[in-house]
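Data block below; observations after.
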Amino acid sequence: MKRILCCLVSFCILSLTGEAQISRYIVKFKDKGSNLFSLTKPSSYLSQRAIDRRSRYSIIIDSSDLPVTTRYIDSVRLSGSVIILNASKWLNAVSIQTNDASAIAKINSLPFVQSISGIALRSTNTIAVVDKFEVEKQQVPQLKETGITADFFNYGLSFEQLHIHNGEFLHNIAGFLDSFLLVLIVIGSRKPWDNQAQESHDQ
């Protein structure tokens, strides 16, 4: 009986190991040494809008504005079977994808690497995912011609959550906001990568 129980437990463990594995990692760097860009020439990596905004609000351009050092990224890429997914200048890090254990060890031994941690546990089982936004979009026939007298989208069960911030109002007037620049700032997460979200920042 004990032997059968041990066999069943072992089988379950092996099955779980085969179904899920970590193949994505965040590599954080210690600094931005040997950077090709300079703080004295911000126009080479910042837009004029960003430079003007910093000047208007007396925001000093510092090393966090510099792109991630190209040599560091190349060293990580050449460490083995590694794909660079994203680079974050503010986190001074890159996200990578690899199943090469020797590459991970080599990256971790690089003198300019601060840490490497796994993210995005993935299952090898393919599960069909329904895009609720596409479904809701199909339920909307066309843009209203009579102004913003009703909601443009059918939000379904998500309406109450959206309505807390009057999000439907912004959607309704979207056609009138072509000349506006909207900025979304998310505060409260000390580790942005913990949410397995890919960072996309406007310079």
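The values are calculated or read from the model by the stated rules, or taken from the named source; none is laboratory data. Quick caveat: nothing in here was measured; it's all calculated off a predicted structure. Here the Cβ is made from the backbone with ideal geometry for all residues, glycine too, and neighbour counts use every protein chain on show.
At pLDDT below 95, over 17 Å from ILE119 (Cα atoms) and either outside the structural domain of ILE119 (by TED's automatic domain parsing) or touching a Gly at 6+ places or on another chain (Cβ under 9 Å) (or both), is that true of LEU14? So LEU14 passes the test.
Of the candidates ILE59, ILE22, the single residue that is touching a residue at least 60 places away in the same chain (Cβ under 8 Å) and β-branched (Val, Ile, Thr) is ILE22. You will find that of SER38, SER47, the residue that is without any contact (Cβ under 8 Å) to a residue 24 or more places away in the chain and farther than 30 Å from GLY118 by Cβ is SER38 and no other.
Suppose the filter is of a type outside the set (Val, Ile, Thr), surrounded by fewer than 17 Cβ atoms within 10 Å (Cβ to Cβ) and not in a strand (DSSP E or B); does SER81 pass it? It is true that SER81 is of a type outside the set (Val, Ile, Thr), surrounded by fewer than 17 Cβ atoms within 10 Å (Cβ to Cβ) and not in a strand (DSSP E or B).
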